[in-house]
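*Asks:* Can you keep this structure in mind? I'll have questions shortly.
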Amino acid sequence: ETGVTQTPRHLVMGMTNKKSLKCEQHLGHNAMYWYKQSAKKPLELMFVYSLEERVENNSVPSRFSPECPNSSHLFLHLHTLQPEDSALYLCASSPGTVTDTQYFGPGTRLTVL
Amino acid sequence: AQSVAQPEDQVNVAEGNPLTVKCTYSVSGNPYLFWYVQYPNRGLQFLLKYITGDNLVKGSYGFEAEFNKSQTSFHLKKPSALVSDSALYFCAVIPPPNAGNMLTFGGGTRLMVKP
């Protein structure tokens, strides 16, 4: 349960605000991920950092900006979001190979007004 | 095109009865297949995975799944459901050749187990 932590757990922001989501993993993993979970839509992979190299889903808008300063920390910087960006944002980590299990944090519930 | 599908939005089962949550995939070759579960207000938890070898995979909490290549399915099963199994279940696939750990999830199936 405490292997992957996310802060804050809840966030309400206006469309002109800038905020950041934080994820930290204590599992010694080499890959970290951001997912978006919206109601009635499949879980959407947004970004992957593997050995600190980034792979991204090209459909993610530029108002979402990830940062991975080291293998234990992952940020998602948010600016000028839209109401449709309201969702649960999940962070995950894995040891690094393609068949590895991913371990998820509890998520940040984001509401954009 | 979606590479993994969960045809049922919700499955209802009585406690003590067997349960099945369906998953089909549409990638060629031998994919890597996963099941995750999400309890209310929590992140996803790993249940089991198929990589290679025995088609019947046993996982956490008494769940199992069978990889069926001819039917391109990976249905999740449990012989006797518990009320505490009520949750949202996600099937996921990594198609071969691997593409940078790009796990693709199905839309999820809500399992309701009634006493």
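*Asks:* Determine which member of the set B:38, B:45 is surrounded by 21 or more Cβ atoms within 10 Å (Cβ to Cβ) and within 14 Å of chain A (Cβ to nearest Cβ).
*Replies:* Criteria check complete, one pass: B:38.
*Asks:* Which strands (runs of 3 or more DSSP E) sit wholly inside the stretch B:1-64 and have at least 1 residues that are in contact with a helix residue (DSSP H, G or I) (Cβ under 7 Å, 6 or more places away or on another chain) and under 24 Å from residue A:93 (Cβ atoms)?
*Replies:* In the stretch B:1-64, the matching strands (runs of 3 or more DSSP E) lie at B:44-50.
*Asks:* Can I ask one more? Do we find a residue being of a type in the set (Gly, Ala, Ser) and closer than 28 Å to residue A:25 by Cα anywhere in the stretch B:36-57?
*Replies:* Within the stretch B:36-57, one or more residues are of a type in the set (Gly, Ala, Ser) and closer than 28 Å to residue A:25 by Cα.
*Asks:* Scan the stretch A:25-46 and tell me whether some residue there is at pLDDT 95 or above and touching a His at 6+ places or on another chain (Cβ under 9 Å).
*Replies:* Yes.
*Asks:* Okay, moving on. Give me the residue from the stretch B:48-86 that is surrounded by fewer than 18 Cβ atoms within 10 Å (Cβ to Cβ) and facing another protein chain (nearest Cβ under 10 Å) and, out of that set, nearest to residue B:114 (Cα to Cα).
*Replies:* Once the filter is applied, the top-ranked residue is B:51.
*Asks:* Also, I was wondering about something else. Filter the stretch A:41-57 down to residues that are more than 7 Å from chain B (Cβ to nearest Cβ) and either over 25 Å from residue B:89 (Cβ atoms) or among the charged types (D, E, K, R) (or both), then give me how many there are.
*Replies:* Selection size over the stretch A:41-57: 8.
*Asks:* Is it the case, given these coordinates, that residue B:90 is without any contact (Cβ under 8 Å) to a residue 24 or more places away in the chain, in a strand (DSSP E or B) and within 11 Å of another protein chain (Cβ to nearest Cβ)?
*Replies:* Considered against the rule, which asks whether it is without any contact (Cβ under 8 Å) to a residue 24 or more places away in the chain, in a strand (DSSP E or B) and within 11 Å of another protein chain (Cβ to nearest Cβ), residue B:90 comes out as no.
*Asks:* Taking the stated definitions as given, is residue A:16 at pLDDT 95 or above and either surrounded by fewer than 20 Cβ atoms within 10 Å (Cβ to Cβ) or in contact with a His (Cβ under 8 Å, 6 or more places away or on another chain) (or both)?
*Replies:* Numbers: at pLDDT 95 or above: no; either surrounded by fewer than 20 Cβ atoms within 10 Å (Cβ to Cβ) or in contact with a His (Cβ under 8 Å, 6 or more places away or on another chain) (or both): yes.
Spelling it out, it is not the case that residue A:16 is at pLDDT 95 or above and either surrounded by fewer than 20 Cβ atoms within 10 Å (Cβ to Cβ) or in contact with a His (Cβ under 8 Å, 6 or more places away or on another chain) (or both).
The values are calculated or read from the model by the stated rules, or taken from the named source; none is laboratory data. Here the structure is a predicted model, which means the values were calculated and not measured. Every residue, glycine among them, receives a Cβ derived from its backbone with ideal geometry; neighbour counts consider all protein chains shown.
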